[in-house]
Amino acid sequence: MGWRGILGFEYGIVQAPLGPDISSPQLVAAVANAGALGFLRVPDWEDPDYVRELIRKTRTLTNKPFGIGVILAFPHKENVKAILDEKVAVLQLYWGECSKELVLEAHKAGVKVVPQIGSYEEAKKAADAGVDAIIVQGREAGGHVIGQDGLITLLPRVVDLVRGRDIAVIAAGGIVDERGYVAALALGAQGVSLGTRFLATEESYAHPTYKRKLIEFDQTEYTDVFGRARWPGAPQRVLATPFFMEWKALPSHENESNQPVIGRTIIHGREREVRRFAGTVPNATTTGDIESMAMYAGESIGLIKEILPAGEVIKRIVEGAQQLIDQQFAPVN
């Protein structure tokens, strides 16, 4: 089988933009150097100078193209302008409407636009806006989950929707190895986006305790107890840690704003207090009661047994998929 890449990248493998800063320049560069599409993540506030710095830092680590993710629910106009000025290869959008104007502006700058969606209606709007690819997220995914549909039914519906248009479809949610990749191809996707698997890599900026828990636990839950004040109406899939199991019935009127401070962290260059039930995952700088902080993870967690270099994750999927297709699906003579 000849590898069909996506969006000009060698492989149809995407490293999801892990917030708030877990997809570090080191991770994104490692993914880019392995021939896949890595996404940085902009701050959830306007800081165009910092965004430029983030992009330039990544460019010192790779000469291959990469992308950057923007959450439309937060202030983003100046950040997007910086991204287009820097001509990053791919702009990934999430949690908000991907407008025709924004797509046109990006295309004028030579930047491809890829929204992540969680419903058929959202996919329809994105396709009509003229995007280059659509990431279809199933409810299996870790972190903030925008839809209610499982990937196995939503994905082929979106594939049918964009048939005949020049829009690549990328599957996200619960995919971790070559089996998930080949299954997504069978459902009509051209590529896969992996979050949790790339979170559990040597290069990710997650706190070592967070990485260790990804190996230790194999259950996740869909909840909204974290970050209710900062990002209302944004449910998330988290590791079923002892802290979470104890507090998962948190009354709906409660949120992080009046909770005790349980740690400190530096996010995108800014020092922050971490309150109990804050939606911020612990990164490498975080101190305090790490085990009581939000730890996002997808349902694929039970398939992740070790922390690997990002390049190795990609290599195993590519080689494994090749073997799987040859062995399982080759015509019998």
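Report the Stokes-Einstein translational diffusion coefficient (µm² s⁻¹, integer) for the range 134-250, Rh taken as the Kirkwood radius over Cα pairs, at 10 °C with viscosity 1.306 mPa s.
Taking Rh from Cα pairs, D becomes 102 µm²/s.
The range 67-156: which trypsin sites (Lys or Arg not before Pro) are DSSP loop and have at most 15 other beta-carbon atoms within 10 angstrom?
For trypsin sites (Lys or Arg not before Pro) across the range 67-156 that sit outside H, G, I, E and B with at most 15 neighbouring Cβ atoms in 10 Å, the list reads LYS87.
Taking θ = phi - 60°, what integer Hz values does the Karplus form 6.51 cos²θ - 1.76 cosθ + 1.60 yield along the range 177-186, in sequence order, with x for Gly and Pro?
9, 5, 5, x, 5, 5, 4, 5, 4, 4
Check which residues have an amide H placed less than 5 Å from LEU40's amide H, if you skip close sequence neighbours.
GLY67, ILE68, GLY69
Report ³J(HN,Hα) in whole Hz for each residue of the range 65-77, in order, from the Karplus equation J = 6.51 cos²θ - 1.76 cosθ + 1.60 where θ = phi - 60°; Gly and Pro get x.
Listing the rounded values in order: x, 8, x, 8, x, 10, 8, 6, 6, 10, x, 8, 4 Hz.
To make sure I understand the rule: partners must be aspartates and glutamates, Cα under 13 Å from the Cα of LYS248, and not fewer than 8 residues away in the same chain. Which ones qualify?
GLU221, ASP224
Report, ordered by chain and residue number, the aspartates and glutamates lying within cross-link reach of LYS81, taken as a straight Cα distance under 18 Å and ignoring same-chain residues fewer than 8 apart.
Filter leaves ASP44, GLU46, ASP47, ASP49, GLU53, GLU97, GLU101, GLU105.
Take the solvent-accessible surface of the protein heavy atoms, probe 1.4 Å, and return the percent of it on the chain that carbon and sulfur atoms account for.
Looking at the chain in its full context, I get 50 percent from C and S.
Please calculate the 1.4 Å probe accessible area of ILE307, with all protein chains present, and give it to the nearest 10 Å².
60 Å²
Enumerate the amide H contacts of ILE135 below 5 Å, restricted to partners 5 or more residues apart or on another chain; note that Pro and chain-start residues carry no placed amide H.
Under 5 Å from the amide H of ILE135 lie the amide H atoms of GLN116, ILE117, ILE170, each far enough along the sequence or on another chain.
Residues of the chain: accessible area per residue at 1.4 Å, in Å²?
Using a 1.4 Å probe on heavy atoms only, each residue of the chain averages 42 Å².
Among ASN283, ASN63, ASN255, determine the one that fluctuates most according to a GNM of the chain built with springs between C-alpha atoms less than 10 Å apart.
Per the Cα network of the chain with a 10 Å cutoff, ASN63 tops the list.
Of all DSSP beta bridges located in the chain, what percent are antiparallel, nearest 5?
Bridges in the chain are about 35 percent antiparallel.
How much solvent-accessible surface does LEU199 expose, in Å² to the nearest 10, with a 1.4 Å probe and all protein chains in place?
Accessible area of LEU199: about 10 Å².
What is the local net charge at PHE9, summed over the other residues whose Cβ is closer than 11 Å to its Cβ (Lys, Arg +1; Asp, Glu -1)?
Taking every other residue near PHE9 into account, the sum is +2.
Mind putting a number on the dipole of the range 33-186 about its Cα centre? Charges go on the C-beta only, +1 for Lys and Arg and -1 for Asp and Glu, and I need it in Debye to the nearest 20.
It comes to approximately 380 debye.
Please list 3J(HN,Hα) in residue order for the range 230-244, calculated via the Karplus relation 6.51 cos²θ - 1.76 cosθ + 1.60 where θ = phi - 60°; whole Hz, with x for glycine and proline.
6, 9, x, x, 10, x, 9, 9, 10, 5, 7, 7, x, 4, 4
By DSSP, what percent of the beta bridges with both residues in the range 123-246 are antiparallel, rounded to the nearest 5?
The answer is about 45 percent antiparallel.
Specify the residue with the greatest mean-square fluctuation among ASP149, ASP166, ASP21, computed from a Gaussian network of the chain linking alpha-carbon atoms under 10 Å apart.
Ranking ASP149, ASP166, ASP21 by mean-square fluctuation puts ASP166 first.
In the structure shown, do any of LYS64/LYS213; LYS77/LYS125; LYS124/LYS305 have a Cα-Cα gap over 30 Å, and if so which?
Exceeds cut-off: LYS64/LYS213; LYS124/LYS305.
Add +1 for every Lys or Arg and -1 for every Asp or Glu among the other residues with Cβ under 14 Å from the Cβ of HIS76, and state the total.
-4
Pick from ALA123, ALA294, ALA249 the residue whose mean-square fluctuation is largest in a GNM of the chain, springs joining Cα atoms under 10 Å.
Taking springs between Cα atoms under 10 Å, the residue moving most is ALA249.
Mind checking the full-extension length gain between THR287 and ARG4? Use 0.36 nm per residue of separation minus the Cα-Cα distance, one decimal, nm.
97.6 nm
Once you wrap a convex hull around the alpha carbon atoms of the chain, what is its projected area averaged over all directions, in nm²?
16.2 nm²
How would you classify the range 175-235 from its alpha-carbon gyration tensor, with a ≥ b ≥ c the square roots of the eigenvalues: rounded for a/c under 1.5, else prolate if a/b is greater than b/c, otherwise oblate?
Cα axes put the range 175-235 in the oblate bin.
So what are the three principal axis dimensions of the range 1-159 from its Cα atoms, in whole Å, longest to shortest?
41, 40, 30
For the range 222-261, with the dipole built from +1 on Lys and Arg beta-carbon atoms and -1 on Asp and Glu ones, taken about the Cα centre, which of ALA234, TRP247, GLN259 lies farthest toward the positive end?
Value: ALA234.
The values are calculated or read from the model by the stated rules, or taken from the named source; none is laboratory data. Keep in mind that this is a model prediction, so the values were computed, not measured. Don't worry about glycine lacking a Cβ; one is built from the backbone with ideal geometry, like all the others, and counts go over all protein chains shown. Accessible surface is based on the protein model in full, side chains and every heavy atom, while ligands, DNA and RNA are left aside. Shrake-Rupley method; radii C 1.70, N 1.55, O 1.52, S 1.80 Å.
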